[in-house]
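Participant: Here it is: the structure, laid out below.
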Amino acid sequence: MRPQLPADAPVSPALREALDHWLVSAGPAEHSWLAGFLAGVASAGSASPAGATHGGAPAAGVPLTIAFATESGNAEGLAEEAGNRARQRGFETTVTDLGEIDPTDLEGVENLLLIASTWGEGDPPDRATAFYEKLIAEDAPRFEGCRYSLLALGDTSYEYFCGFGKDLDRRMEELGGRRIVERVDSDVEFEEPFHRWFEGTMEELLAEVGASVPAAASTSAASPVTTQWATVGGGSTGTVAAPPAEPYTKKNPFPAPLVEKVNLNGPGSAKETLHLEFSLEESGLTYAPGDAVGVYPENCPLYVSELLRVTGLEGEERVRLAEGKMPLREALLRHLDVTSLSKPILEKYQEKAESAELARLLDPEHREELQEWLWGRELVDLLEQYPLPGLAEQDLADLLRKLPPRLYSIASSPLAHPEQVHLTVAAVRYHSHGRPRKGVCSTYLGDLVELGETVPVYFQENKKFRLPDDPDTPIIMVGPGTGIAPFRAFLEERDLTGAKGQNWLFFGDQHFQTDFLYQAEWQDYLKRGPLTRMDVAFSRDGEQKIYVQHRMRERARDLYAWLEEGAYFYVCGDASRMAKDVATALQEIVRDQGDLPEEEAAAYVKRLKKEKRYQQDVY
């Protein structure tokens, strides 16, 4: 039913038209927030949404610290949002990065919100590692007087889901901290869990500090609505302009037309690396080198058909999702993750399958066997190997998580390509357990999207991966494979801004003849001067495999000299092996060239990270 004002609402016709328009275009979250805001206005006797900074606010003057641990920027973005919303309630809020402080900096904090991402197999984000090492040390500070609440961000496709958040929560309790509310663990779609956690925390915290908040406001499920109405002529009889168009965000992605698609690999390559260009005309979107693009993909129709065949469902059956009711095939194509297979999915499936073999695999004593079984398998393998006759369409839909967007490092500078954004994407294709497999988003972009067609995109800011503020600062960039993407953006930006800092690039791939991505561009930069030097490693061109970390060691003396002169060190690409190997090589270079003991070399590298001179964009 379309929401409308009642016929007897005491508003002018013009205002009624504008309000009815907003009620239809806004969602339940915006309706809820507006209800709470108006209730707060009535309670405080003020019409200002910034009223939380004066005496009428429920928690005026109460200190609140919000600390985050982030790898890709999600936790930081949520911490900033939490800070803004807490200020609206009157808290004197400080937002801080755990990667920039020690546990002792939190001594004496009475009210603390923690937002912690998990990285890899249950580890803290790289920048927060030093903080956590000190927190788990025997001489860590105590937090008896601290009330805290923790939101953990993770991904259920990993075995140690929200592992770091759980460890941090446990350690805070061991050190005397007292939870305001129970920890909330969120999957990749973290917006709803965040709002639920934040509002629950605020309700309990405000009660503890002797403040109160209007009931409607405390149940808000979303950020403050950004839509504003302009009254022309003043007074209730003035003309009310229609609400402006909603800005493009993660929740409202921009349909970006694909204007160019090029395979960067030559004939005979084992790889397929796509250079993609999207138009941003009329979007109002902006970005900076180092940021990422989020892409909402669709699943492969052939895979969806195979899933329907295995389950015996037609696809026309209607299922209920958060987005509303729709045919099952549409839900599987556009809204649900139909490939990922994880322990949580197995556990949900086992509730109906009641398989003795699945029960054995899910036993904690068989954890390693379960991980081995999961490797290379997808949902269709589960449904085939452990069939569940009569599986209902809604049960299938309820088994799956929402199809998450994929993030890609931006490969362009907006100065070089106004109204465009470029990506460098490796199409993932492989075989396992007798089936061909392919990456969902990479092959969606490679196989399903044609020139002129649109792709839903949004930008994600990455403040932890930025060029130096001083354009004279030298930089060292290590980017094998598609890790080259942000460094193309860096070089374009530095070239067009006339930055004088020297630029050194390490690049690696399989073969010089077929896999030298953007080769002509690097050669032009070297010839003209913006690129000072470049070292390449093509692992399959010789008897011995050579990688970027080997080239770093060969150039150890010069690399260390650049660091001593203040160079920034950047790494982009594979987190599981490459980034770790590069980190090991860098510490060895510092140790050997600086003639330092191992622990001092480790401290040198940690200092680079704390000073934001060692930055990573890894995945």
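We did not get these values from a lab; they are worked out from the coordinates using the rules stated. These numbers come from a predicted model, not from an experiment. As a convention, Cβ positions derive from the backbone with ideal geometry for all residues, glycine included, and neighbour counts pool all protein chains shown.
Participant: Quick one: Cα centre-to-centre distance for the range 269-293 and the range 554-575, in angstrom?
Facilitator: What the calculation gives is 27 Å, centre to centre.
Participant: Find out how many positive minus negative residues lie around residue 366, taking Lys and Arg as positive, Asp and Glu as negative, among other residues whose Cβ is under 10 Å from that of residue 366. Before the final figure, lay out the partial values.
Facilitator: On the way: positive: 360, 367; negative: 363, 365, 368, 369, 372.
It works out to a net charge of -3.
Participant: Of the listed peptides 501-510, 398-407, what is their order by residue-averaged count of other C-beta atoms within 10 Å, with the highest listed first?
Facilitator: Details: 501-510: 22.5, 398-407: 18.5.
With the highest mean Cβ count within 10 Å placed first, the list reads 501-510, 398-407.
Participant: Another one. Can you tell me the relative contact order of the range 482-619? Whole percent, Cα pairs under 8 Å, sequence separation 6 or more.
Facilitator: Working: 149 pairs, mean separation 30.7, N = 138.
Averaging sequence separation for qualifying contacts and normalising by length gives 22 percent for the range 482-619.
Participant: Once you keep just the Cα pairs under 8 angstrom separated by 6 or more residues, what percentage relative contact order results for the range 301-399?
Facilitator: On the way: 81 pairs, mean separation 35.9, N = 99.
Rounded, it is 36 percent for the range 301-399.
Participant: What does the charge count around residue 490 come to, taking other residues whose C-beta lies under 13 Å from its C-beta (Lys +1, Arg +1, Asp -1, Glu -1)?
Facilitator: Summing Lys and Arg as +1 and Asp and Glu as -1 gives -3.
Participant: Pulled fully out, how much extra length does the chain show between residue 262 and residue 496, if you take 0.36 nm times their separation in residues and subtract their Cα-Cα distance?
Facilitator: 81.8 nm
Participant: Which whole-Hz couplings ³J(HN,Hα) result when phi for each residue of the range 292-308 is put into the Karplus expression 6.51 cos²θ - 1.76 cosθ + 1.60, θ = phi - 60°, listed in order with x for Gly and Pro?
Facilitator: Working through the residues one at a time gives 10, 10, x, 10, 8, x, 10, 6, 5, x, 5, 5, 4, 4, 5, 5, 5 Hz.
Participant: Taking the Cβ-Cβ separation of residue 366 and residue 398 as r and a Förster radius of 30 Å, what is the calculated FRET efficiency to the nearest 0.05? Please report the intermediate quantities before stating the final value.
Facilitator: Working: r = 26 Å, r/R0 = 0.87.
Computed FRET efficiency for residue 366 and residue 398 comes out at 0.70.
Participant: Right, next: For labels at residue 543 and residue 272 in the simple 7 Å Cα→Cβ model, what's the distance in nm?
Facilitator: Going from the residue 543 label point to the residue 272 one covers 3.6 nm.
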